[in-house]
Amino acid sequence: MVLTQENGEVLVTAGAVNALAAIVAAIAEEGDEILIPDPGWPNYVAMIELARAAPVRYRLEPEQGYRPDLAAVEARITPRTKAIIINNPSNPTGGVFDEATVRGLVELARKHDLWLISDEVYEDLIFAGEHVPAARFDSERVITISGVSKSYAMTGWRIGYAAGPVHLIKAMGTIQSQSTSNPCSVAQYAALEALMPDFSRLSLAIETLASFELECLYPRLLALEGEFAQRAATRFRQDIEAIRDAKATTAKESAIVDAERGESGVSHCLPIHRTERRRSGNGVLKQSGEEIHGRLDAS
Ligand SMILES: Cc1ncc(COP(=O)(O)O)c(C=O)c1O
């Protein structure tokens, strides 16, 4: 993506946060409203308020796997609404939207003539199921945000990007050029290296995270009381079931059992979904799901 800007549909930014702030500054005027998820990443509120616009929260429903109720989202839309921000997969819930939800949100944006800002920085950090990119359903109305902070554990390098219609990307570029000029060129080359099609780097980042969740978080959540912890443990459990369904080897199963017992120091193997970035004919990012099997020998 860093290399393929010639048609103007991709802007490389100083982290995804700068891409989001540039979009908000480009589209919102004082008093405009932007829908944001609740619970959600708190920075959305600050960047919208900095642009003198108003954040309007829509609920992510725990009973629906932390997906929004489309009718409830629509009820929050007013004549001042400019955009809907979605975050899929979500920080902080870890919820992943299914295709019907993503498609429904894009259709809502189309129906009410809104931008759909799709924050997909966690697109690769999925253990089971598929990440559905919103741009798949409308490349003219959707602005896709991602970066290297999460997938490649490169937060400090400050490289993100936005993909969307040329006129919006151009406006964002104008804003960026007056605020940061451009993201650091050295960091861009480092990000380019991460994005080259060498799966081992991505799988290492995801394996490390999966290992942490399986070995550290899951047993601790099991031991905690309270609805939230139990619900989170249930979600972990579902991921683990999905791993088993994927015909886990004995080694994998024993790792899962060990994790439930609170033991670590075992070798284990996890099936992990990653997305392969491709550029479509019109230059908008597209992804396709591909399952790989990551292997980590814990020392
Ligand atoms: C949902 C979400 N979007 C965007 C970002 C920003 O990422 P970056 O480091 O690329 O600015 C974060 C960082 O925590 C995040 O959680």
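It is to be established whether one or more residues within region 256-263 are outside the structural domain of Pro133 (by TED's automatic domain parsing), within 22 Å of the chain's Cα centre (by Cα) and either in a helix (DSSP H, G or I) or modelled with pLDDT of 65 or more (or both). No: zero hits.
Considering region 1-100, the qualifying helices (runs of 4 or more DSSP H), each wholly inside and each with 1 or more residues that are hydrophobic (A, V, I, L, M, F, W, C) and within 12 Å of the ligand (Cβ to nearest atom), run over 16-27, 43-50. Residues that are within 15 Å of the ligand (Cβ to nearest atom) and touching an Asp or Glu at 6+ places or on another chain (Cβ under 9 Å) within region 119-131 comprise just one, His131.
Those residues that are hydroxyl-bearing (Ser, Thr, Tyr) and under 12 Å from Ser118 (Cα atoms), I need them from region 77-105; list them, please. Within region 77-105, just Ser90 meets the criteria.
Which residues, counting only those in region 190-213, are surrounded by 12 or more Cβ atoms within 10 Å (Cβ to Cβ) and modelled with pLDDT of 75 or more? If the condition is that a residue be surrounded by 12 or more Cβ atoms within 10 Å (Cβ to Cβ) and modelled with pLDDT of 75 or more, then Ala190, Ala191, Leu192, Glu193, Ala194, Leu195 are the ones that fit. Take the residues of region 214-244 that are over 19 Å from Pro92 (Cβ atoms) and at pLDDT 75 or above: which is surrounded by the fewest Cβ atoms within 10 Å (Cβ to Cβ)? In this case the residue turns out to be Glu225. Among the conditions (1) of a type outside the set (Asp, Glu); (2) more than 14 Å from the ligand (Cβ to nearest atom); (3) free of Cβ contacts under 8 Å to residues at least 40 places away in the same chain; (4) not in a strand (DSSP E or B), the only one that Leu116 does not satisfy is (4).
When each of Arg80, Arg76 is tested for being out of contact with any helix residue (DSSP H, G or I) (no Cβ under 9 Å at 6 or more places or on another chain) and closer than 28 Å to Val166 by Cβ, the lone residue that passes is Arg80. Here the condition is being aromatic (Phe, Trp, Tyr) and within 19 Å of Val96 (Cα to Cα); of Phe212, Phe137, it holds for Phe137 alone.
No other residue among Ala109, Ala75 is free of Cβ contacts under 8 Å to residues at least 24 places away in the same chain and more than 15 Å from the chain's Cα centre (by Cα) apart from Ala75. Put simply, of Ala54, Ala22, Ala46 the only residue that is out of contact with any strand residue (DSSP E or B) (no Cβ under 8 Å at 6 or more places or on another chain) and more than 23 Å from Phe97 (Cα to Cα) is Ala46. Looking at Lys150, Lys111, Lys170, just one residue is farther than 21 Å from Ala14 by Cβ and either within 11 Å of the ligand (Cβ to nearest atom) or out of contact with any strand residue (DSSP E or B) (no Cβ under 7 Å at 6 or more places or on another chain) (or both), and that residue is Lys111.
The values are calculated or read from the model by the stated rules, or taken from the named source; none is laboratory data. For clarity, every value in this text was computed on a predicted model and none was experimentally measured. Note that each Cβ is placed from the backbone with ideal geometry, even for glycine, and that neighbours are counted across all protein chains shown.
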